[in-house]
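Let me begin by presenting the structure, written as structure tokens, before commenting on it.
What follows is calculated from the coordinates using simple rules that are stated; it is not laboratory data. These numbers come from a predicted model, not from an experiment. In this analysis, Cβ positions are derived from the backbone assuming ideal geometry, glycine residues included, and neighbour counts consider all displayed protein chains.
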Amino acid sequence: MKFLLKAWAPLLLAFALVVSPILLAQARAQLITNGGFETTTGWTYAGGSQRTQEGTLALNPPAHSGSFYGTIATGGGTISQSINIPTAGTYQLSFYLAPQLSLSLGTLNFSVQIGGTTYNLTYGITVIGLGGYNLYTLTVSLPAGVTNLIFTNLPGLLTSPLRLDDVSLVQIPGPVPGTSTISYLVVALLALILGRRQMRDGLRWLKGLLSSSGS
């Protein structure tokens, strides 16, 4: 068994340094299609909602990033997307939202539905005119399969079209560890199994391989 481990030491080392960080990064894949509304894909608009290109401040206020955003119309307008959830687990949904234009102070009401659960949220207007973008973050438990994400502009005493931008949905926990952290942990484990000499030979082999590929 130890002989086989020694023979495969260079390949195991290459996996530790190159492949394992890539596999972990894929676990944090972005599940939203066109979260910044920069293309026409992904989203469905209803009730007068639409994809909007920023322009003059009064008519088409700025996007949070890029040049486009989704406008959720008043009176129950919606913007939605069907999302394929690869595995059941806990996910983080985040997005930026701002009113189109407000002529009075107060609270705007909207909702977010995902995984069959509806979250009623608010945007407080403290300055008349263009409101700045607020970041909203929700932690949600989702089953595997297709789920619907729906943003709805709710009626209330104060209403305004809502700007929606930079929508994101990723699985948690936490960010992917850095490449160096992963590599050091795996290399340390290999060193315990293979011994210092075999690790030195493996590093020398990998260095030679990288040098030859770069020349």
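Summing +1 for each Lys or Arg and -1 for each Asp or Glu among the other residues whose beta-carbon sits under 10 angstrom from that of G35 gives -3. Using a/c under 1.5 as the rounded threshold, could you call segment 44-171 rounded, prolate or oblate? The axes a ≥ b ≥ c are square roots of the C-alpha gyration tensor eigenvalues, and prolate needs a/b larger than b/c, oblate otherwise. Since a/c reaches 1.5 and a/b is larger than b/c, the shape of segment 44-171 is classed as prolate. Could you let me know the centre-to-centre spacing of segment 102-117 and segment 36-85, using Cα atoms, in angstrom? One Cα centre to the other: 15 Å. Relative protection proxy for 117-128, 138-149, 96-107, 59-70, from highest mean packing down: 59-70, 96-107, 138-149, 117-128 (other beta-carbon atoms within 10 angstrom).
Around Y136, with a cut-off of 12 angstrom between Cβ atoms, what is the net charge of the other residues, counting Lys and Arg +1 and Asp and Glu -1? Once positives and negatives cancel, what remains is -2.
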